[in-house]
Structures are given as C-alpha cells and as structure tokens.
1. Can you compute 3J(HN,Hα) from phi for each residue in region 317-324, using the Karplus curve 6.51 cos²θ - 1.76 cosθ + 1.60 with θ = phi - 60°, rounded to whole Hz and x for Gly and Pro?
2. For the chain, list log₁₀ I(q)/I(0) at each q in 0.13 Å⁻¹, using the Debye formula over Cα point scatterers of equal strength and ignoring solvent, two decimals each.
3. Looking only at Cβ-Cβ distances, which cysteines of the chain have no other cysteine closer than 4.7 Å?
4. Taking the mean number of other Cβ atoms within 10 Å as a proxy for protection, how do you rank 67-74, 295-302, 432-439 from highest to lowest?
5. Would you give the gap between the C-alpha center of region 104-151 and the C-alpha center of region 380-433, rounded to a whole Å?
6. Tell me the relative contact order for region 381-449 as a rounded percent, counting alpha carbon contacts under 8 Å between residues six or more apart.
7. Report, in listed order, any pair from K73/K214; K156/K329; K228/K329; K73/K459 with a Cα-Cα distance greater than 27 Å.
8. At 7 Å along Cα-to-Cβ for each site, give me the label-to-label distance between K359 and I419 in nm.
Amino acid sequence: MSEIRVQVDFAVVGGGPAGLTAAVIAAEGGANVALIDFNARVGGQYWRHGAGEATPIGQHHTTELRSLIARLKPLVSSGRVRELLGQQVWNVAAPNSPSGAFSLRTTATTGTSDQGYCVEAQRLLVATGAYDRQLPIPGWTLPGVVAAGGAQALLKEHGYVVGKRIAVGGTGPFLLSVAAGLARAGAAVVSVCEYNSPLLWARTPIGIISQPGKAGEGAQYVGTFIHKRIPYLPRHVITEIHGSDHVTGVTIAKVGRNGTLFAHRTKQVDAVALGWGFTPQLELLEALGASMRVDSDGSLVARVDHTQRSSVPGLYVAGEATGVGGATKAMAEGEVAGLTVLHDVGLESRTSRVTQALKRVARANRFAHALHNASPLPANLETLIPDSVAVCRCEEVTAGVIRAATTELETATPRDGKITTRAGMGRCQGRECGLAVSCLSLGTDTRNWSIDALRPTQKRAIATPISLGALAELDLNSSSGKDNE
Ligand SMILES: Cc1cc2nc3c(=O)[nH]c(=O)nc-3n(C[C@H](O)[C@H](O)[C@H](O)COP(=O)(O)OP(=O)(O)OC[C@H]3O[C@@H](n4cnc5c(N)ncnc54)[C@H](O)[C@@H]3O)c2cc1C
C-alpha cells in the first residue's frame with residue numbers, strides 16, 4: 001500500500017451532517033482542512049444521495065445538504081479543503097509534544113485502489129457517527145434479516161428494497177422512517193412493532209416542543225402509514241424469525257407489564273428490519289484517550305464541553321459520537337465545532353453566530369433526551385433472548401453461555417464476559433453483539449451501566465479491519481506522533 005503525507009490545520013473524520021458542516025465552516029473561515037470519509041461521497045448515514053440530482057426516498061433536510069455541497073465545491077477547487085473520500089482511518093495518534101500534530105493513517109475502501117494517506121493535523125474533529133444497536137432473537141442470523149439502518153441505507157443509496165413483505169421491529173421513531181420509506185418504494189410492510197408505548201414521549205414534553213420540525217416529519221409518517229395501510233403496533237415485539245435458509249415469517253407478541261410476552265401470532269414475511277436505536281462509533285476517540293460518559297440511552301459517548309472540545313487538547317467531537325440525537329443535533333454541533341476551531345487557531349473571534357448555534361445544540365439535546373426516555377431497552381430479556389440464541393455470531397457464543405459466565409463464573413462486566421466466553425472477539429469486534437452482551441451482563445436498566453463496564457465493548461486497537469499485507473508494507477516508523485499499542 002502506498003501512502004501520501006498530507007499536512008493540514010484541521011482534519012475532520014466523518015463527512016456526515018456533523019463533520020461536513022464543521023469542515024465547510026472552518027475552511028470558509030480560513031483553515032486548511034482535510035475531510036476524510038469512508039464513503040465515496042459526503043453526506044454520512046443521513047444524506048445518502050446518489051451521484052445524480054435525484055433525491056432518495058425518505059431524505060430530509062435536502063436544502064441544507066445542497067447548500068453545504070455548494071459551499072464545499074469552491075473550497076475543494078481552491079485547495080482549502082482536501083477531500084479524502086473512500087478512505088477509512090484505521091489508526092490515530094495524539095501529538096507527542098504541545099507543538100506536535102495528530103497523525104491519522106487511512107486505507108482506501110474502494111477495493112480498486114491501494115492508496116492510503118498519513119494525515120498530520122494540528123486539530124482534529126472526530127464526527128464518526130453511529131451504528132445500529134441489535135438485540136438477538138431466534139432466527140436473527142437468517143438471510144433476509146437486516147438492521148433497520150441497513151435497510152434504510154440500501155434504500156436511500158441504491159434504491160434497493162430488502163424484501164416484498166417486510167416486518168419492522170425494535171424501538172424508536174427511526175422505525176417509522178424505515179417503514180415509510182420501504183412502503184413508498186413498493187414493499188408491503190406487514191407490521192411495525194414498537195416495543196415501547198408512544199405515551200412515554202409525554203415524560204419529557206419540553207424535548208418534543210424544542211424540535212417543532214419533528215412534528216411535521218411525524219405527520220408525514222402518519223400520512224404514509226394510513227395511505228399504505230401499515231399496521232403500527234405499540235407495545236409489540238418480534239420474538240422469533242422463521243425460515244431454514246431464508247426468512248419466511250415472524251412471531252409477534254404483545255408486551256405486558258414488566259416485559260411479559262403474550263398473545264403470540266405469526267405473519268408471513270420475506271424480510272425483517274430490526275433496530276433498537278444507535279450507538280456511537282468511538283474507536284478513534286478511545287485510542288486518543290478522550291473522556292467518556294454514559295448517556296441516558298446506555299450508550300458510551302464522548303464527553304465534550306459546550307464548545308465541542310473534548311478532554312484531549314486540540315481534539316473536538318460532534319454529532320452522534322457525543323450522544324445519539326439525529327441529524328439536526330449533528331449539524332448544530334458541527335457548526336459549533338467549526339467555529340470553535342476557528343477561534344482556537346485565532347482566525348475568527350466568537351460571534352453571535354456561535355450563540356445561535358449553541359441554542360440549536362441545546363434544543364437538539366433536549367429532543368435527544370426525550371427520545372432516549374421514550375425508547376428504553378426491554379425490561380425482561382429472559383423470554384426475548386432465550387439461552388439457545390447465538391448472541392455473538394462471529395464467535396458463535398450463545399446467550400446461555402454468557403448467562404452461565406455471569407452467574408456461575410461471577411463475571412460481572414462485559415469485559416469479563418468477553419474474556420471468558422470470547423463474545424465480541426470476532427471480526428466485528430463486538431459492534432453487533434456489544435449491546436446484547438452488556439444487557440446480559442449488566443441488566444437492561446442502563447442507569448446501572450458504568451464507563452468502565454462499557455469501555456471494553458468499544459475499545460478496538462485498529463479502528464477498522466485492514467489487511468495484514470497492507471499493514472506489513474507500511475513504514476510505521478516514518479509516522480509522526482506516538483503509535484497506539
Ligand atoms: C446505517 C444508518 C442509517 C441511518 N439512516 C438515517 C436516516 O435515514 N434518517 C435519520 O434520521 N437518521 C439516520 N441514521 C442516524 C444517523 O446516525 C444520524 O441521523 C446522522 O447521520 C448523524 O450524523 P453524524 O454526522 O453524527 O454521523 P454520520 O452521518 O453517521 O456520519 C459519520 C461518517 O463518518 C464516517 N466514518 C466513520 N468512521 C470512519 C473512519 N474510521 N474513517 C473514515 N470515515 C469514517 C462514516 O462513513 C460516515 O459517513 C442512520 C444511522 C445509521 C447507522
């Protein structure tokens with residue numbers, strides 16, 4: 001693998017709503033920026049637009065996206081922004097002296113290129129977003145079962161519909177977006193099973209009214225559900241997925257008090273989309289030793305101050321990585337981060353623009369809190385995740401083995417569970433089973449979850465898998481900064 005060295009004032013990892021906003025603002029203010037993203041186009045998980053002008057089904061905030069892309073273009077042409085797209089950061093090192101730089105190593109994600117970069121940056125924004133949270137149930141490894149975010153991504157980016165008759169299940173308003181999109185694309189969505197009661201939103205009314213735009217989005221979904229005759233089932237859960245070599249059906253149960261399940265019935269489907277919210281992608285922040293906190297949804301998230309500065313000097317964090325709250329929060333935090341970086345490098349003093357952006361962040365955080373309150377994890381996992389279910393599909397570790405380790409071997413944390421059972425030690429490094437292992441080891445009352453207990457589910461020495469060949473070819477001694485172990 002060949003490697004090109006790039007030196008900039010400010011590197012941004014993640015070209016989603018948070019990173020893209022920050023990169024444009026910082027570059028417009030005079031900073032030299034490198035914008036790095038795994039994908040071939042900017043936009044992140046939220047804006048999955050194709051190469052053409054067409055707006056994908058279910059795309060929101062398109063005006064903001066078009067405006068950001070229009071502002072980005074001249075910055076790229078003038079060289080103020082160096083776009084490193086189709087590149088994944090697999091290693092990051094903090095400056096080893098106050099005047100030193102962050103050092104990031106990337107590899108190409110396209111498969112046809114072996115071009116990597118070594119980016120040295122005085123300041124770094126990590127805006128790496130989030131990934132789907134999963135709870136395994138019988139049949140969840142069958143072909144035809146996808147993560148809700150995965151179904152949405154395939155639809156938005158490729159116009160691909162994951163099935164003809166689809167059941168959607170889990171918790172949170174994202175399920176509405178996924179179901180509405182699939183139905184508008186021609187699929188029959190046979191049910192949307194929401195584990196929680198929508199009345200839980202009333203727990204935090206201030207959070208709902210702080211984002212009036214969400215009401216409009218909600219009304220659109222209601223319209224689609226009525227028009228497409230999509231059955232919305234609150235307090236219902238998919239308990240089993242049937243099929244031998246592909247999904248053929250699901251069992252759905254009603255959720256009673258304390259998570260008891262009853263009134264089971266089956267539906268024929270050829271695809272299932274499951275989602276229990278999202279959790280931040282923190283590998284790079286963990287590698288840099290950034291302080292963390294446990295958010296109200298139980299996710300480990302980066303601790304930042306109100307200007308998006310992390311605990312590591314020169315390191316900023318924005319978007320889902322500071323707490324899952326959606327694209328509006330990500331854009332607002334990206335704006336604050338971009339303005340803070342300009343201030344910190346002495347290019348622009350703080351203005352009323354910062355004040356406005358801070359207000360938007362505060363409103364978005366109130367909504368995020370309401371979202372978490374309305375979408376708690378299931379109370380009773382004994383019936384939902386039976387002992388026989390493979391929780392870690394990479395290492396084929398069942399729920400029974402993890403439970404036995406927790407009770408018989410008294411492994412009290414996901415880390416103990418990982419060491420004794422190998423759950424989370426496979427190729428995905430716990431990205432898929434991390435939530436389930438935490439729930440089985442710690443219980444589902446996330447108020448009892450601690451930073452130390454969750455950290456091992458997020459710590460990955462190499463942020464994304466790269467080939468040993470590519471690693472061997474690198475001259476690691478030539479990199480500046482301190483290498484991670
Ligand atoms: C699969 C998926 C689909 C989603 N779809 C929607 C949707 O349709 N509607 C909605 O409201 N919300 C959706 N979300 C939720 C989404 O997380 C937020 O709404 C929003 O996109 C957050 O913006 P962000 O900038 O924080 O992160 P993102 O938009 O997730 O952007 C982060 C970017 O960082 C890049 N990245 C991460 N790690 C690296 C690395 N090591 N090297 C290089 N690049 C890296 C990723 O490729 C990504 O482009 C989705 C989430 C997921 C996981």
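Every number here is computed from the coordinates shown, using simple stated rules; none is lab data. On a predicted model such as this, the values are computed, not experimentally measured, just so you know. FYI the Cβ positions are ideal-geometry reconstructions off the backbone, even for glycines, and counts take in every protein chain you see.
1. Listing the rounded values in order: 9, 8, x, 4, 5, 9, x, 6 Hz.
2. With no solvent term, the Cα-only Debye profile gives -1.29.
3. C118, C193, C394, C428, C439 - these cysteines have no disulfide-compatible partner (Cβ-Cβ under 4.7 Å) in the chain.
4. Highest-to-lowest ranking by the protection proxy: 432-439, 295-302, 67-74.
5. That distance is 22 Å.
6. Relative CO of region 381-449 lands at 31 percent.
7. From the list (K73/K214; K156/K329; K228/K329; K73/K459), the Cα-Cα distance tops 27 Å for K73/K214; K228/K329; K73/K459.
8. 5.2
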